[in-house]
Every structure is written in structure tokens, then in C-alpha cells.
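Colleague: Please see the structure below; I have some questions.
The values are calculated or read from the model by the stated rules, or taken from the named source; none is laboratory data. Keep in mind that what you see is a predicted model, and the values were worked out from it rather than measured. Every residue, glycine among them, receives a Cβ derived from its backbone with ideal geometry; neighbour counts consider all protein chains shown.
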Amino acid sequence: MGDERVPRGIDVTRPNVARVYDFMVGGKDHFAIDRMAAERALEIMPDAREAGRACRAFLRRVVRYMAADAGIRQFLDIGSGLPTDTNVHQVAHDVDPDARVVYVDNDPMVLVHGRALLATEQTTTVIEGDVRTPEKILDRQAVRERIDFTEPVGLLLLSILHHVHDSEDPAGIAATLRDALPSGSYLAIIHFWDPAGEHPEISAKVRDVERVFNETMGTGRWRLREEIEGYFGDFEMIEPGLVPLADWRPDGRDDADQKDTHYTMIGGLARKR
Ligand SMILES: C[S@@+](CC[C@H](N)C(=O)[O-])C[C@H]1O[C@@H](n2cnc3c(N)ncnc32)[C@H](O)[C@@H]1O
């Protein structure tokens with residue numbers, strides 16, 4: 001994107017999470033400063049772009065599962081990111097055009113692009129919100145209008161909790177959101193994974209890339225499996241559990257994204273009993 005088309009309120013002098021991720025997944029809504037930050041991470045983890053695409057493929061599979069197999073008709077996607085080729089509402093609408101989706105993000109560029117994409121959508125909206133204040137998100141009128149908290153909800157926390165610092169209590173945030181959901185709801189999580197113990201050689205690289213993320217964007221935590229499992233609370237994990245993204249119910253539709261297994265991200269889906 002040329003800097004002359006910068007929407008108001010967007011800082012192009014500092015790299016930012018949404019835009020660096022957009023670069024990694026092959027989008028076009030990023031600036032030179034974001035590419036520079038991404039290139040530094042790619043030097044340490046050359047497969048980071050494939051990992052980004054594996055995230056979007058996981059998103060498609062997990063939403064398809066919730067909509068088609070579990071009958072979920074309303075989705076709350078927090079840290080939704082810049083629109084890409086296939087978004088949550090499109091996957092859900094393939095199953096049921098009346099499925100409702102609320103996207104929440106705190107990035108001004110996500111809001112601008114999201115609103116443009118969804119201008120004609122009745123069932124879907126994008127709102128500004130910060131996952132670090134989950135009660136405020138839950139109380140928003142736009143959320144209450146579209147999400148009926150007496151019916152099962154699909155909550156997506158995909159690549160967002162790893163942008164919450166330890167001091168900001170990611171476990172407490174996840175618990176607040178879980179508690180708001182009725183029985184039969186689902187929680188999907190993707191998280192940066194430090195596979196210490198399972199893959200020590202990768203764990204060393206993870207520390208390096210974590211340092212680069214924090215130097216450039218001020219965020220990014222690669223956590224241990226046990227920490228990430230804790231975010232699901234006592235929800236029942238759907239098979240195959242919390243696994244490298246490509247291993248979560250591959251369906252052959254996203255072959256290009258699934259040829260590799262990336263041991264620096266992990267994802268899962270769980271159901272509230
Ligand atoms: C790596 S992207 C993930 C996008 C999408 N969920 C996916 O998996 O493809 C992370 C998104 O979280 C957003 N984000 C970061 N911190 C946030 C916060 N505190 N509250 C809400 N959104 C946040 C960023 O703006 C970005 O759009």
C-alpha cells in the first residue's frame with residue numbers, strides 16, 4: 001500500500017501487529033516499516049509466512065466445524081485482523097447465510113478495512129474493542145444486538161492472547177470470556193508456542209524471535225503448552241486437542257497451507273459442557 005493512501009489515525013512510522021501479520025499471510029495492507037519488522041522475524045524463522053497461512057487455514061477449518069458440525073450460528077471473533085481472502089463470516093455463510101458474526105479489533109486500519117468490506121452485510125459487523133477489557137466488549141450494544149448469550153456462541157481468540165503481556169493477565173481475560181458463554185458454546189485458540197521439552201532446538205529460536213517481536217512491536221509471547229491449555233479452562237477439548245495447526249482436522253481443502261508442520265504455533269477447539 002502506498003503511504004499516500006494512509007487512513008487517518010494510522011502511524012506508519014512504527015510496525016504494528018495487524019499489518020505485519022497481513023504481510024505474512026500475503027495481504028496488501030501494510031507499509032515499509034511493517035515489512036522491515038517481518039523480514040527481521042523471517043531471518044530467524046524463514047517459515048513464518050507459511051505459519052501465517054496455516055493460521056488462516058486453521059481458521060477456515062475451525063469455523064467450518066463449528067458451523068457445519070456443531071450448529072453454531074453466532075460468532076464473536078476478537079482480534080479479527082485485516083480482511084483476507086476468506087473471513088469468518090464467509091465460511092459461516094457457506095453453511096448458513098443467516099449466521100451472525102461480530103468482529104472486534106483495536107487497530108484503526110482493521111476497522112477501516114473491515115467496515116468497507118462489510119458495508120452491505122446485515123449479519124456481520126466490526127467494532128472497536130480491546131481484549132484486555134473483555135467486560136466492555138461483552139457489554140457493547142453492537143455485541144448484545146447480534147449475539148444472544150442464551151444460545152451457543154463460537155468464540156475465536158486466534159493469534160490474539162499471545163499479544164497480551166503476562167502482566168495483563170491473559171488467563172483472567174480468557175476466563176472472563178469463557179464465563180460469559182452458555183453451555184454448548186465453543187472456544188477456538190491459536191497461540192505462539194514455545195515447544196520447550198518437546199522440540200528444544202525450536203525453543204531456542206523462539207526466544208530470538210520473541211525478542212525481535214518485542215523490540216519492533218512491543219508484543220509477542222511464545223508460551224508453553226500448559227499455559228495455553230489453561231486458557232480453555234474446564235472446556236472439553238475437541239479431537240485432536242491442542243496441536244500444531246496443520247494437524248488440526250486437515251481436510252485436504254487447504255493443501256498448499258498444510259504441507260508443513262510448524263512447531264511454533266499451536267491451536268485447538270473446545271466446548272463448554
Ligand atoms: C495476528 S493478528 C490475527 C488475526 C486473525 N485473528 C487471524 O488469526 O488470522 C492479531 C490481531 O489482534 C489485534 N489485536 C492486538 N492486540 C489487541 C487487543 N489488545 N485488543 C483487540 N485486538 C488486538 C491486532 O490488531 C490484529 O488484528
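Colleague: When the residues of region 72-95 are narrowed to those that are more than 9 Å from the ligand (Cβ to nearest atom) and either in a strand (DSSP E or B) or hydroxyl-bearing (Ser, Thr, Tyr) (or both), which ends up farthest from Lys136 (Cα to Cα)?
Modeller: Thr86
Colleague: Is it the case that region 213-227 has a residue that's touching a residue at least 24 places away in the same chain (Cβ under 8 Å), more than 18 Å from the chain's Cα centre (by Cα), within 16 Å of the ligand (Cβ to nearest atom) and over 17 Å from Leu76 (Cβ atoms)?
Modeller: Checked region 213-227: at least one residue is touching a residue at least 24 places away in the same chain (Cβ under 8 Å), more than 18 Å from the chain's Cα centre (by Cα), within 16 Å of the ligand (Cβ to nearest atom) and over 17 Å from Leu76 (Cβ atoms).
Colleague: In this structure, is Gly268 at pLDDT 95 or above, part of a loop (DSSP other than H, G, I, E, B), under 19 Å from Ser159 (Cα atoms) and in contact with a strand residue (DSSP E or B) (Cβ under 9 Å, 6 or more places away or on another chain)?
Modeller: no
Colleague: Considering only region 96-123, how many residues are under 22 Å from Arg64 (Cα atoms), among the β-branched types (Val, Ile, Thr) and more than 15 Å from the ligand (Cβ to nearest atom)?
Modeller: Count: 1.
Colleague: If Asp34 satisfies every condition in (1) in contact (Cβ under 8 Å) with a residue 60 or more places away in the chain; (2) within 15 Å of the ligand (Cβ to nearest atom) but one, which is the exception?
Modeller: All conditions pass for Asp34, except number (1).
Colleague: Any residue at all in region 126-136 that is at pLDDT 95 or above, out of contact with any Asp or Glu (no Cβ under 7 Å at 6 or more places or on another chain) and more than 14 Å from the ligand (Cβ to nearest atom)?
Modeller: No.
Colleague: Out of (1) within 21 Å of Ala246 (Cα to Cα); (2) over 16 Å from the mean Cα position of the chain (by Cα), what's the single condition that is false for Arg64?
Modeller: Going through the list (1) within 21 Å of Ala246 (Cα to Cα); (2) over 16 Å from the mean Cα position of the chain (by Cα), Arg64 breaks only (2).
Colleague: Quick check on Asp47: is it over 17 Å from the mean Cα position of the chain (by Cα), more than 17 Å from Ile160 (Cα to Cα) and not basic (Lys, Arg)?
Modeller: Yes, satisfied.
Colleague: Say we look at region 199-255 and pick out the residues that are part of a helix (DSSP H, G or I) and β-branched (Val, Ile, Thr); which of these is nearest to Asp179 (Cα to Cα)? Can you show your working first?
Modeller: Within region 199-255, the subset part of a helix (DSSP H, G or I) is 200-217, 225-230, 245-247, 255.
Next, only the ones that are β-branched (Val, Ile, Thr) stay: 202, 206, 209, 212, 216, 228.
Working: Ile202: 34, Val206: 32, Val209: 33, Val212: 34, Thr216: 34, Ile228: 17 Å.
It comes out as Ile228.
Colleague: Out of all the residues in region 117-138, is one or more in contact (Cβ under 8 Å) with a residue 60 or more places away in the chain, over 14 Å from Ala18 (Cβ atoms) and among the acidic types (Asp, Glu)?
Modeller: no
Colleague: Return a yes/no flag: does region 19-26 have any residue that is farther than 18 Å from Leu161 by Cα and among the charged types (D, E, K, R).
Modeller: The initial filter retains those residues of region 19-26 that are farther than 18 Å from Leu161 by Cα, namely 23-26.
From what is left, the residues that are among the charged types (D, E, K, R) are none.
Among the residues of region 19-26, not one is farther than 18 Å from Leu161 by Cα and among the charged types (D, E, K, R), which makes the answer no.
Colleague: Here's a follow-up. Which one of these is under 27 Å from Pro152 (Cα atoms), within 11 Å of the ligand (Cβ to nearest atom), in a helix (DSSP H, G or I) and in contact with a helix residue (DSSP H, G or I) (Cβ under 6 Å, 6 or more places away or on another chain): Arg56, Arg60, Arg64?
Modeller: Of the residues listed, the single one that is under 27 Å from Pro152 (Cα atoms), within 11 Å of the ligand (Cβ to nearest atom), in a helix (DSSP H, G or I) and in contact with a helix residue (DSSP H, G or I) (Cβ under 6 Å, 6 or more places away or on another chain) is Arg60.
Colleague: If I ask for residues that are under 26 Å from Val110 (Cα atoms) and in contact (Cβ under 8 Å) with a residue 60 or more places away in the chain, which ones from region 160-184 would you list?
Modeller: Ile160, Leu161, His162, His163, Pro170, Ala171, Leu177, Arg178, Leu181
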